[in-house]
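The values are calculated or read from the model by the stated rules, or taken from the named source; none is laboratory data. Remember, it's a predicted structure, so these values are computed and weren't measured experimentally. As a convention, Cβ positions derive from the backbone with ideal geometry for all residues, glycine included, and neighbour counts pool all protein chains shown. Just the protein is used for accessible areas: all its heavy atoms, side chains included, with ligands, DNA and RNA removed. Shrake-Rupley method; radii C 1.70, N 1.55, O 1.52, S 1.80 Å.
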Amino acid sequence: MTLKETVLARLREEDDFLSGEALAKQLNVSRQAVNKAVRALSEDGYLIDRVNNRGYRLLSSDRVLDETALRTRFKDVKFFSAKQVDSTNSAAYRLFAEGVRSPAFFAARSQTEGRGRLDRGFPSPDGEGLYFSLLLFPAADAKETQTLIDAVYDRTANALGCSRNEQVLTVNGERAGGMLVETVSDPDRIRAMIAGIGVYLRFFPCGETEIAARVLDALLPLSG
């Protein structure tokens, strides 16, 4: 566990303020290291109250993606994240190109080149959505590609309690997100499948970690 993850765990255990000095002593690190870890958590989106002579207090974390919790729950999945990326699907493809051959999850706070159906752009503003892709390895023939793609769309919509209009996720008739599945195939078999999902958080009060967990539960069975 990294220092940032350890500091987060300690803050979650406390209802009141926890001083930087106490944290430093408990973790056997410097105050500067604790301050750096807290700044990194704030940059990741955690709301941390800071008061002189009292320390730090975690205000809210249920809306923020908790990679540590996901790693614990999904031990066979590799997790990656970035504050900003061109496209999570492109990032997942790069993982495949670099030799990753087990299920992987790549999330970002924003995308500069998010893609939707028919190469249309997918607006991905920071602070408004969760954008992620799953790299999966279905044991399937190339002729099964469309069946698998439809399964991703149906399973994702069902997992999130949404309706879908083709690749668009809807809640009460409003656009709540979108999906894009891409495959890497030989003439006779699918080598990898990349399932990209982007959701707008105002439609999902359950929070980012639960969104990711529901989709992982729904889609991992498709991977060989």
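Label the chain by shape, choosing from rounded, prolate and oblate, from the square roots a ≥ b ≥ c of the eigenvalues of the Cα gyration tensor; if a/c is under 1.5 it is rounded, and otherwise prolate applies when a/b is larger than b/c, oblate when it is not. Before the final figure, lay out the partial values.
Numbers: a/c = 2.49, a/b = 1.87, b/c = 1.33.
Since a/c reaches 1.5 and a/b is larger than b/c, the shape of the chain is classed as prolate.
Counting other C-beta atoms within 10 Å, and keeping those with at most 16, which DSSP coil trypsin sites (Lys or Arg not before Pro) do you find in region 88-165? Before the final figure, lay out the partial values.
Numbers: sites: 94, 101, 109, 115, 117, 120, 143, 155, 164; in loops: 101, 120.
The qualifying sites are 101, 120.
Counting only the heavy atoms of the protein chains, how much of residue 102 is accessible to a 1.4 Å probe, in Å² to the nearest 10?
30
If each DSSP helix of 4+ residues adds -39,500 (n - 2.57) and the sum is divided by the residues in the chain, what number results at 222 nm, nearest 500 deg cm²/dmol? Before the final figure, lay out the partial values.
Values: 7 runs with 77 residues, N = 224.
Per the formula, -10500 deg cm²/dmol.
Select from 163, 42, 133 the residue whose mean-square fluctuation is largest in a Gaussian network model of the chain (Cα-Cα springs shorter than 10 Å).
42
When the Karplus curve 6.51 cos²θ - 1.76 cosθ + 1.60 is applied with θ = phi - 60°, which whole-Hz ³J(HN,Hα) does each residue of region 180-192 get, with x for Gly and Pro?
Each residue's phi maps through the Karplus curve to give 8, 9, 10, 10, 10, 10, 8, x, 10, 8, 8, 8, 7 Hz.
Hey, any idea what % of the chain's accessible area is carbon plus sulfur with a 1.4 Å probe?
45
Mind listing the long-range amide H neighbours of residue 78? Cut-off is under 5 Å, sequence gap 5 or more, other chains count too, H placed in the peptide plane at 1.01 Å from N.
The list, which skips near neighbours in sequence, is 104, 105.
Starting from the 7 Å offset along Cα-to-Cβ, what nm value, one decimal, do you get for the label separation of residue 25 and residue 94?
For the pair residue 25/residue 94, the computed spacing is 4.4 nm.
Could you give me the ³J(HN,Hα) list for region 208-216, computed from phi with Karplus coefficients 6.51, -1.76, 1.60 and θ = phi - 60°, whole Hz, x at Gly and Pro?
5, 4, 5, 4, 4, 5, 4, 5, 4
With every protein chain left in place, what is the accessible area per residue of region 1-108 in square angstrom, probe 1.4 Å? Provide the component values of the computation, followed by the final result.
Numbers: 6120 Å² over 108 residues.
Result: 57 Å² per residue.
Residue separation times 0.36 nm, minus the C-alpha to C-alpha distance between residue 191 and residue 53: what's the value? Working shown, then result.
Details: separation 138, 0.36 × 138 = 49.68 nm, distance 5.63 nm.
Here the segment from residue 191 to residue 53 would lengthen by 44.0 nm.
For the chain: lysine pairs with Cα atoms under 29 Å, gap of 8 or more or different chains, count?
Lysine pair count for the chain: 11.
Between the helical axis of 145-160 and the dominant principal axis of the chain, each derived from Cα atoms, what acute angle in degrees is found, rounded to the nearest 10?
The helix 145-160 is inclined about 40 degrees to the chain.
Working out 0.36 nm times the residue gap between residue 79 and residue 128, then minus their Cα-Cα distance, what length gain in nm do you get to one decimal?
Numbers: separation 49, 0.36 × 49 = 17.64 nm, distance 2.12 nm.
Value of the extension gain: 15.5 nm.
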